[in-house]
Each structure stands twice: as structure tokens, then as C-alpha cells.
1. Sort K6, K74 by accessible area with a 1.4 Å probe, largest first.
2. As an exercise, use a Förster radius of 41 Å and the Cβ-Cβ distance of L109 and D35 to find the FRET efficiency, rounded to the nearest 0.05.
3. Between C117 and L28, how high is the FRET efficiency from 1/(1 + (r/R0)^6) when r is the Cβ-Cβ distance and R₀ = 30 Å? Nearest 0.05.
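The values are calculated or read from the model by the stated rules, or taken from the named source; none is laboratory data. Bear in mind that the values here come from a model prediction, so they are computed numbers and not experimental data. Reconstructed Cβ throughout: ideal geometry from the backbone, glycine too, with neighbour counts over all protein chains shown. We work out accessible area using only protein heavy atoms, side chains counted, and drop any ligands, DNA or RNA first. Shrake-Rupley method; radii C 1.70, N 1.55, O 1.52, S 1.80 Å.
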Amino acid sequence: MFLRGKPLLIALLLHLVVALLYWALIPLGMNWYRDSFGFTSHRDIGLGIAQFHLFHMFLGAQPLIAVLRPLFAKLLVLAVPLTFATWTLMHNHPLRLLYFTVGPGLLALAAIATSVCYASRSRLPATMDTADA
């Protein structure tokens, strides 16, 4: 059910990098957008508390995604914050919806794909070359 050993350490490291990138890029992206196009809400009222919870949900999901072994479980845990973002931002803030789902989703999917590839490669038995036989 859970990863162990070196694949677990690799997965934790990858998802730590994802969380750090998310933590660093969200404010930078919001500031760039605000400076380039102006505020994204009417009368400077935003969805601050929803974005606050979404931010922490995504960061909190990363360690759980890293330790789970089945790919379905990893994707299910990733779907929780992305579904929350879709539910809170879909109708009134479609640009924020893209910003809070596509970016973090792609970062997490890249980490999942890399860790699954590494874990499956480390589980393969060593093949013997025919010249060595």
C-alpha cells in the first residue's frame, strides 16, 4: 500500500520540490498577472479564504501522494484539491481556476510520473546478458 526504501525517498523529494515550486510560483504568478492586467476581482474582493484553503490542501496532499503506492490512490488524492479548486473558482473566476488547477496539477503529475517510473524500474529484476551466460 505504501512505498518503502529508496523509491519512498525519491518520491518524497520530488513532491517536496513540487510543493516548494507551488509555494514560490503562486505569489509570483499572481503578482505578474496583477501588474500586467490589473486585479482579477470586482472591487478588490477576492476569494481569499478559498485560495488559502486550496493552497494548504495542495501542499498537504503532496506528502500523502508521495507515500502511496497505487497510481489510482495517488491520482485520487491529487483530485481532491483540484476538485475543490474547480468547485470554488469555476463560475466566477475561470482564469483563477486554470491557474490553480493546471499549474499545480501538471507539477504534481510530473512528480507522480517520475516517481512511478523510478519505483517500477527499481522493482525490475536484473536481466542477465547472454554474453555473460
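1. Numbers: K6 130, K74 5 Å².
These residues rank, largest area first, as K6, K74.
2. Numbers: r = 29 Å, r/R0 = 0.70.
Approximately 0.90, to the nearest 0.05.
3. Numbers: r = 29 Å, r/R0 = 0.96.
Between C117 and L28 the formula returns 0.55.
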